[in-house]
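Right, one structure below, let's go through it.
The values are calculated or read from the model by the stated rules, or taken from the named source; none is laboratory data. Nothing here was measured: the structure is a model prediction, and the numbers come from that model. Heads up, the Cβs are rebuilt from the backbone with ideal geometry, glycines too, and the neighbour counts pull from every protein chain shown. Just the protein is used for accessible areas: all its heavy atoms, side chains included, with ligands, DNA and RNA removed. Shrake-Rupley method; radii C 1.70, N 1.55, O 1.52, S 1.80 Å.
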Amino acid sequence: MDRILSIINSPKENQKSILDRIVTDFKNDPNGLTVIRCTIQDNGYSAEWFPFISKNNVVSELLFRDTLGDGEEFVLPSSNFTMKYPHLCIKINDGSNLDVSTLSLEPSAEKEADIKAAIDKLIKEKLPGVDAKDAFVLKSYDESLPLNVVIDAYGVFEDPDVCEITPETTLKDLLPRFHCVYYKPVSELQLCEQVDVTNDDLIQRASELRKDVITMIKDVLLGDELAAEYFLLHLFSKITKRLSGIPTGSIGINLYHSEMSSTMVDKLADLTRQLKPLINLVSVTIESLNSLWMQPSQARYEGSEDVENGLYKGVLQAPEGSWFLLDETNMNVGTLTERGLNNIKTLQNAISFGSVEYGLHYGSLDREVDFGYCVIGKVASLLQLNTSVPIVSKPALEQNVEDSTQILQSVILSYMQTLIAIMREKTFTVSDKLESVIERDFIASQKKARDSQQPADDGSMLLHRLVVAESISKSFGLSELNESCWNRAGELESERLSRLSHKKK
């Protein structure tokens, strides 16, 4: 803080030049600032006005903090005010020790317990599923930050100045404050664990990595290699375009078998966390659908029309590129309430249309998203996904995994995590030659359907095969489709559709 104050108190500086100097100074040397990786959960709070220049033309000490220290005196300011922008944020795997248990509270132990109880209650309402130690208020000084982005924020930490709880107290009043000097957006690749090889080396080793990771996934999915390969492919997929509001390019997958259990899903989730940085495991049962909130909303509870209550988090409010593993293995018979039906509708719309509806005080707003979805259950899900794979169990082989093998597996998964992020960012192309091959195969399939008096493909199966072929190519480290990957997509789709056909008989 001393370093900031030395710049703040420089004479004859205006607001913009001081902020620029502080940001430039710390970007060159961030020493002394706390770094927190977080996502913006709510940016709808009212901006806070504060005096920037005092009556004696001295810069306000309330820049990058909200309260003065002991013995400090504030001079009545002139009309030169500026704004701070509060945001409710959730910490993401940054290793910091930000925790409400560290608050420097003045009141008695009894009052302190009341304050922490209030925080827990408000967190449960506003941020369901979030640990209180991961929530804080970020204040920016140049602009309001976009919702749901992941950033590395550099700034100064300040405890809240709270001595008692009143009916008007909001979560924003109680949480630690982080005064943001500057921030950097975080990409999917930057979210990945650091690896000791170059991107080019990973791409060269893609075929080997692919084989090893499919084997690991297969061991969790009852030994089924087809299901394991589709699971890996769906991690490479992403929305590439939207046709008449319908997203294309992503693979939403439904895996099911009567022997699947929550224990198996937990193992798959543990493995997937090493392949994708942002994973959300959601138990889907009648009870959970009737109690969860899938939709983010500003007006969830009575009295929440007050703008300072802000946006209440829903399961589907997540950073771009998040993955949802939906566990239906404990789905039971029961009746859905109105909330449960709304949750199913919200979830299905997110899967089908690549958008999440946000409830506003006076209506709603659809926000386009690119999330991944995998639904796992004992039977086919009622949710409609574009890739259903009935699991065929294989005889299990006895395994005696040594510690050294587990370490090697962890390294392989870290490599694959980075490869997935690299390839998802690359532009994918299809050459004129391959377009001719695709056209040839489509015409042949149409003729075969007519000759066998079967329904002809209306183009949807061709489009889906292209999506699968793109993910296959990327899983081999390729950014251009070749005939081998196109043919492999045909083989996978033929086997998958054959399984579905047998299931229906």
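Annotation: peptides 430-438, 251-259, ranked by per-residue average of other Cβ atoms within 10 Å with the highest first, follow the order 251-259, 430-438.
With a simple spin-label model that places each label point 7 Å from the Cα along the Cα-to-Cβ direction, the separation between LEU466 and ILE165 comes to 5.7 nm.
Suppose all protein chains stay in the model; what accessible area per residue would a 1.4 Å probe give for segment 198-294, in Å²? Write down the numbers at each step before the final one.
Values: 3800 Å² over 97 residues.
Accessible surface, normalised per residue, equals 39 Å².
Over segment 122-200, what percent of the accessible surface lies on carbon and sulfur atoms, probe 1.4 Å? Exposed carbon and sulfur together represent 48 percent of the surface. Positive contributions from Lys and Arg (+1) and negative ones from Asp and Glu (-1), summed over other residues with Cβ under 10 Å from the Cβ of LEU325, come out at 0.
Excluding LEU271 itself, calculate the net charge of residues whose Cβ lies under 13 Å from the Cβ of LEU271, where each Lys or Arg counts +1 and each Asp or Glu counts -1.
On the way: positive: LYS218, LYS267, ARG273, LYS276; negative: ASP212, ASP219, ASP266, ASP270.
Within the 13 Å Cβ shell, the charges total 0.
Taking amide H positions as modeled 1.01 Å from N, with prolines and chain starts lacking one, the residues under 5 Å from ASP370 and 5 or more places away or on another chain are GLY321. Here's how it looks for VAL150: its modeled amide H is under 5 Å from those of VAL186, which are all 5 or more places away or on a different chain. Carbon and sulfur together cover what percent of the accessible area of segment 213-282 at a 1.4 Å probe radius? On segment 213-282, the fraction of accessible area on carbon and sulfur atoms equals 48 percent.
Listed values for segment 483-494 are Karplus-derived 3J(HN,Hα) couplings in whole Hz (6.51 cos²θ - 1.76 cosθ + 1.60, θ = phi - 60°), namely 5, 5, 5, 4, 5, 4, 4, x, 5, 4, 5, 4, and x replaces Gly and Pro. With K and R counted +1 and D and E -1, the other residues having a Cβ less than 14 Å from that of ASP432 yield a net charge of -2. Here the Karplus relation 6.51 cos²θ - 1.76 cosθ + 1.60, evaluated at θ = phi - 60°, turns the backbone of segment 377-385 into coupling constants of x, 7, 10, 4, 6, 6, 5, 8, 10 Hz, with x for every Gly and Pro. Using heavy atoms of the protein chains and a probe of 1.4 Å, the accessible area assigned to ARG21 is about 100 Å². Extending 7 Å from Cα along the Cβ direction at THR429 and again at LYS121 yields two label points whose distance is 6.2 nm.
If you roll a 1.4 Å probe over the heavy atoms of the protein chains, what accessible area per residue do you get for segment 334-443, in Å²?
Values: 6320 Å² over 110 residues.
Result: 57 Å² of accessible area for each residue.
Computed in the context of the full set of protein chains, the accessible area of segment 459-499 at 1.4 Å probe radius has 53% of its extent on carbon or sulfur.
Rank SER46, SER414 by accessible area, highest first, at a 1.4 Å probe radius? Don't jump to the answer; show the numbers that get you there.
Values: SER46 55, SER414 15 Å².
Listed by decreasing accessible area, they come as SER46, SER414.
Tell me, what is the FRET efficiency for HIS361 and SER291 to the nearest 0.05, using R0 = 22 angstrom and their Cβ-Cβ distance as r? Once the sixth-power term is evaluated, E becomes 0.40. Accessible surface comparison of LYS84, LYS184, LYS211, probe 1.4 Å, protein chains only, largest first: the order is LYS211, LYS184, LYS84.
How far, in nm, would the chain grow between ASP441 and LYS211 when pulled straight, counting 0.36 nm per residue and subtracting the alpha carbon separation? Don't jump to the answer; show the numbers that get you there.
Working: separation 230, 0.36 × 230 = 82.80 nm, distance 2.76 nm.
Computed gain between ASP441 and LYS211 is 80.0 nm.
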